[in-house]
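The values are calculated or read from the model by the stated rules, or taken from the named source; none is laboratory data. The structure displayed is predicted, hence computed values, not measured ones. Counting neighbours? That spans all protein chains shown, and the Cβs are built from the backbone with ideal geometry, glycine included.
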Amino acid sequence: MSKRNLSWRVAGAAALLAAASLSARAHHSAAMFDPSKHIIFHGTVAKWLWTNPHTWLYLRVEKKDGTQEVWAFEAGGTNMLISAGWNAADIKSGDKVIVTAQPERAGHHFAEIEQVRLSDGRLLTGGGPPASIPGGPGPTGPASSPIPYQ
């Protein structure tokens, strides 16, 4: 094999590795969320984005002191949620829902959906490990029991 041919092969392999690393970096892991915490949020849907690679639920949550915050909740992509029984029309702005989620570790108003209890009583899972929300399935015990958001 000539040096020129080898150089082209090495360059081609490097380009393939670079492309693979870029696509791997484009999708993040769930490491930013705290799997030891399961928090229950009661709120009103501000926005529902049925998009890929992740769906997004924005929820207005009222705190004990009467102030409101908007939390962003990430769930799986549309294909994953369709496989789990979701539909784009399941959630609409203004709906009252209960969300159980794993909060982001740094304390931002951002969390990963575990479950959503719709106002009609249906329970949708976000693809993460299920935690118990009132009337829903999931693990029990002090370490995994969800706590209300305050």
Of the residues in the stretch 73-91, those that are out of contact with any helix residue (DSSP H, G or I) (no Cβ under 8 Å at 6 or more places or on another chain) and surrounded by fewer than 17 Cβ atoms within 10 Å (Cβ to Cβ) number 9
Enumerate the pairs (first residue in the stretch 44-57 and within 19 Å of Thr125 (Cβ to Cβ); second residue anywhere and assigned to a strand (DSSP E or B) and polar (S, T, N, Q)) with beta-carbon separation below 7 Å, excluding pairs fewer than 6 apart on the same chain, so at least 6 apart or on different chains. Leu49/Thr55
Going through Thr51, Thr44 one at a time, which residue ends up being polar (S, T, N, Q) and modelled with pLDDT of 95 or more? Thr44
Provide a single number: the residues in the stretch 101-118 that are polar (S, T, N, Q) and surrounded by fewer than 20 Cβ atoms within 10 Å (Cβ to Cβ). 0
State whether one or more residues within the stretch 17-36 are surrounded by 10 or more Cβ atoms within 10 Å (Cβ to Cβ), assigned to a strand (DSSP E or B) and modelled with pLDDT of 90 or more. no
